[in-house]
Amino acid sequence: MDLARIVEPLLTWYDANARRLPWRETATPYRVWISEIMLQQTRVEAVLPYFNRFLEALPDISALAEAGEETLLKLWEGLGYYTRVRNLQKAARIIRKEYGGIFPQEYSDIRKLPGIGGYTAGAIASIAFGQPEPAVDGNVLRVHARLQEKRGEIRSEAWKKQVAEELRAIYPQRRCGDFTQALMELGAMVCLPNGEPKCGICPLNTLCKAFRNGSVREIPVRSARKERKIEERTILLLRCGEKLALSRRPDRGLLAGMMELPSLAGFRKKNEIEEFLNARGISIASLREGKRAKHIFSHVEWRMRAWEIECPEECSGYEWATPEELRTRISLPSAFQAFLNGENR
């Protein structure tokens with residue numbers, strides 16, 4: 001099909017149906033950047049309160065560059081994939097040092113910043129700077145595949161590059177940002193990945209080969225998912241009065257450098273917990289089995305069982321935090337929240 005035919009009906013639909021989102025209302029480079037990083041692997045509904053809170057606390061590149069790590073992680077608490085926010089700060093410091101605190105406009109310069117891949121660079125370049133740079137993600141690939149009735153693998157880098165080239169050639173002057181967002185919106189709200197695509201209200205249904213040939217539900221072809229690795233962990237809820245013991249994870253790997261509830265690999269029995277604590281000189285006032293929970297990461301699933309341990313004194317080797325500090329200062333990954341607020345996951 002002539003892909004250029006999608007431009008006018010798609011923009012007309014977008015004008016009438018686009019969701020009102022704070023990063024769209026004032027599409028500065030900083031706001032677009034923060035929103036796109038937050039939206040990686042995360043639903044719009046979940047991002048909205050985080051975006052507003054983050055922008056209120058860190059309204060510009062300078063504030064982001066200067067923020068303390070605890071402040072940064074606390075603002076991100078619950079969003080997961082914490083490498084994203086660390087890369088945000090790394091990039092902010094680079095922008096301040098190499099670009100005088102002004103967000104770079106050239107796609108190649110944007111692409112070099114930590115944490116920014118081709119999709120995010122395209123989104124910033126088109127939405128914030130009005131450049132004909134596509135932002136090709138899963139939504140856009142799915143829309144394109146159905147329009148063209150492509151049945152092969154669509155997630156290879158070579159295919160993403162080809163799709164970007166095809167889209168770049170049809171970008172409308174003066175509405176580059178709207179066209180990028182219209183493609184995103186169509187994939188998110190109409191040309192859905194699971195369940196029933198809303199073909200009846202799609203502005204492109206008369207142009208779509210998959211719709212015309214009745215193959216929408218077959219496209220894109222899904223490759224077999226790799227099974228997640230299952231890890232069993234024993235969580236130690238060490239309490240002294242109202243304080244809770246925390247430890248810090250290694251600088252590399254899953255949840256790198258984050259605070260956590262102390263844990264042991266595998267499911268441990270009561271006598272094993274006692275031996276572990278005694279070997280470290282930790283006195284035990286009481287020891288009882290606690291709740292169970294699970295947490296799913298992208299590639300691994302933690303199945304956790306907790307033991308609640310009352311200590312007569314604060315033992316060394318841990319940071320002891322009050323409930324107030326956990327609410328306002330210290331960030332704990334979502335994996336551990338079930339043991340703090342009573343919600344099993």
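The values are calculated or read from the model by the stated rules, or taken from the named source; none is laboratory data. Note that the structure is predicted; figures quoted are calculated from it, not measured. Cβ coordinates were reconstructed from backbone atoms using ideal geometry, including for glycine residues, and neighbour counts include every protein chain displayed. Just so you know, the surface numbers come from the protein's heavy atoms only, side chains and all, with ligands and any DNA or RNA stripped out. Shrake-Rupley method; radii C 1.70, N 1.55, O 1.52, S 1.80 Å.
Structural remarks
- Members of the range 25-47 that are modelled with pLDDT under 95 and more than 19 Å from the chain's Cα centre (by Cα): Glu25, Thr26, Ala27
- Hey, Leu204 in contact with a helix residue (DSSP H, G or I) (Cβ under 7 Å, 6 or more places away or on another chain), part of a loop (DSSP other than H, G, I, E, B) and either under 30 Å from Tyr82 (Cα atoms) or modelled with pLDDT of 95 or more (or both) or not: yes
- Restricting the range 327-345 to residues that are open to solvent by 70 Å² or more (accessible area, probe 1.4 Å) and assigned to a loop (DSSP other than H, G, I, E, B), the residue that is farthest from Ala265 (Cα to Cα): Arg329
- Any chance Gly187 is closer than 26 Å to Asp15 by Cβ, touching an Asp or Glu at 6+ places or on another chain (Cβ under 6 Å) and open to solvent by less than 30 Å² (accessible area, probe 1.4 Å): no
- Complete set of residues in the range 148-165 that are among the acidic types (Asp, Glu) and open to solvent by 60 Å² or more (accessible area, probe 1.4 Å): Glu153, Glu157, Glu165
- When restricted to residues that are in contact (Cβ under 8 Å) with a residue 24 or more places away in the chain, open to solvent by less than 70 Å² (accessible area, probe 1.4 Å) and not charged (D, E, K, R), the range 203-220 contains 9.
- Qualifying residue in the range 11-25 (condition: open to solvent by 70 Å² or more (accessible area, probe 1.4 Å), part of a loop (DSSP other than H, G, I, E, B) and of a type outside the set (Lys, Arg)): no
- Members of the range 79-93 found to be assigned to a loop (DSSP other than H, G, I, E, B) and open to solvent by 40 Å² or more (accessible area, probe 1.4 Å), listed by number: Tyr81
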